[in-house]
Amino acid sequence: MNPGAWIAAAALLAAVLAGLAWQRGNGRMRETRGDGPDLAHLGVEPGQVTLLQFSSAFCTPCRATRALCSDVAGRLDGLTHIEVDAESNLDTVRELNILRTPTVLIVDRSGRIVRRASGQPTRAQLMAAVSALL
Amino acid sequence: MQIDPRGPRFAAAVTTVVFVLILVTGSGWLALAQAAVFALGTAGQSPYAMFFKAFVRPRLGPPSEMEDAAPVRFAQAVGLFFALVAAAGYLLDLPVAGMVAAAFALVAAFLNAAFGLCLGCEVFLLYRRARG
């Protein structure tokens, strides 16, 4: 094989590994330290558990995530869904170290960020993460 | 504008094959032709997508959902950049530059075709964050 063919094979192998890692990490809920900036300016209200979703225009999974989050929020009492545009809130995006869209933060009743997931979560991942807080 | 999301997936699969051929043959002209395809794609006129619309889509059922065309066009512009660097590398006798650019484009096209992961779209927020 010529060098180009080897590079093509190596690139495809790397892409398969990267794709599998990406797929596995998508939507996985991680515990966070719980502190963070005040989120009131984004519409987060105390006394409610909030799904705070950061989205961007160039983002197809954001739309599916929006549909899922608002459906779950509509079914559960005390849970609200807020979607904010990452690009128009770049300061908050930097402060919270958000690297990708969609990123979903779960804010508890006292306004602390308790979990976060980057990439599109599944319904089961979302339900498991909020059920303990309600 | 809303499009059938299977169109870009199909186009990414064709693009994957083209970049494998570019790497195997080392053809700068093929890279330039792919750059022209990307350039048309940024205007919503991708020949691969047109082929999909004319010959593949009629054989498939209706899509379960539509997606926005803007991210797809942005990704085509990112692809255009890499295809141009690859073409310049091969044609100006800098084969290593050509291979590196073609390999990056191959990874991006394959991830889109096989996993539905739009690398250009993922990078967009990082780019906006960095620029401020």
Taking both sides together, what accessible area is buried at the A/B interface, probe 1.4 Å, expressed in Å² and rounded to the nearest 100?
2600 Å²
Ignoring ligands, DNA and RNA, how do B:Tyr90, B:Tyr127 rank by accessible area with a 1.4 Å probe, largest first?
B:Tyr127, B:Tyr90
Sulfur and carbon atoms: percent of accessible area, the stretch B:2-131 [1.4 Å]
71 percent
Length gained when the stretch A:His41-A:Ala21 is fully extended (0.36 nm per residue, less Cα-Cα span)
3.7 nm
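What is the local net charge at B:Phe10, summed over the other residues whose Cβ is closer than 14 Å to its Cβ (Lys, Arg +1; Asp, Glu -1)? If you can, show how the numbers build up before the last one.
Numbers: positive: B:Arg6, B:Arg9, B:Lys53, B:Arg57, B:Arg59; negative: B:Asp4, B:Glu67.
Net charge around B:Phe10: +3.
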Binning every alpha carbon pair distance of the protein assembly as shown at 5 Å from zero, what are the percents per bin?
1, 6, 12, 15, 15, 14, 12, 9, 7, 5, 3, 1, 0, 0
Would you mind pulling out the separation of the Cα centroids of the stretch A:74-88 and the stretch B:86-132, in Å?
33 Å
Give, ordered by residue number, each residue of the stretch A:52-74 whose 1.4 Å probe accessible area is reduced by a minimum of 40 Å² on adding the remaining protein chains to the chain alone.
A:Phe58, A:Thr60, A:Arg63
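What length, rounded to one decimal in nm, is gained on full extension from B:Thr25 through to B:Asp93, with 0.36 nm per residue of separation minus their alpha-carbon distance?
Details: separation 68, 0.36 × 68 = 24.48 nm, distance 1.39 nm.
Extra length available between B:Thr25 and B:Asp93 comes to 23.1 nm.
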Cys with no candidate disulfide partner in chain A (beta-carbon separation under 4.7 Å rule)
A:Cys69
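Leaving ligands, DNA and RNA out of it, report the carbon-plus-sulfur percent of the accessible area of the stretch A:27-131 at a 1.4 Å probe. Don't skip to the answer; put the middle values down first.
Working: 2340 of 4870 Å².
The value for the stretch A:27-131 is 48 percent carbon and sulfur by accessible area.
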Hey, what's the per residue convex hull volume over the C-alpha atoms of the stretch B:38-118, in cubic angstrom?
101 Å³
Which value in deg cm²/dmol, rounded to the nearest 500, describes the helix-derived mean residue ellipticity at 222 nm for chain A, given -39,500 (n - 2.57) per DSSP H run of n ≥ 4 and division by the residue count?
-12500 deg cm²/dmol
Over chain A, with a Gaussian network built from C-alpha contacts below 10 Å, which listed residue (A:Leu17, A:Leu68, A:Leu76) shows the highest mean-square fluctuation?
A:Leu17
When all protein chains stay in place, what accessible area (Å², nearest 10, 1.4 Å probe) is found for A:Glu45?
120 Å²
Kindly provide the Kirkwood hydrodynamic radius of the stretch A:1-112 in Å, to one decimal, from all pairs of distinct alpha carbon atoms.
16.1 Å
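Go ahead and run the numbers for FRET between B:Phe51 and B:Phe81, Cβ-Cβ distance against an R0 of 22 Å, rounding to 0.05. It would help to have the intermediate numbers written out before the result.
On the way: r = 23 Å, r/R0 = 1.06.
Computed FRET efficiency for B:Phe51 and B:Phe81 comes out at 0.40.
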Not counting ligands, DNA or RNA, and with a 1.4 Å probe, what is A:Thr122's accessible surface area in Å² rounded to the nearest 10?
70 Å²
So, taking all protein chains as they sit and a 1.4 Å probe, how much accessible area belongs to B:Phe115, in Å² rounded to tens?
40 Å²
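Using only helices, what value at 222 nm comes out for chain B when you add -39,500 (n - 2.57) per DSSP H run of length 4 or more and divide by the total residues, to the nearest 500 deg cm²/dmol? If you can, show how the numbers build up before the last one.
Details: 6 runs with 97 residues, N = 132.
Rounded to the nearest 500, the figure is -24500 deg cm²/dmol.
Roughly how many Å² is the accessible area per residue of the stretch A:27-131, as a whole number, for a 1.4 Å probe?
Working: 4870 Å² over 105 residues.
Per-residue value: 46 Å².
The values are calculated or read from the model by the stated rules, or taken from the named source; none is laboratory data. Since the structure is predicted, the reported quantities are computational estimates derived from the model, not experimental observations. Here the Cβ is made from the backbone with ideal geometry for all residues, glycine too, and neighbour counts use every protein chain on show. Surface areas here come from the heavy atoms of the whole protein model, side chains and all, with no ligands, DNA or RNA. Shrake-Rupley method; radii C 1.70, N 1.55, O 1.52, S 1.80 Å.
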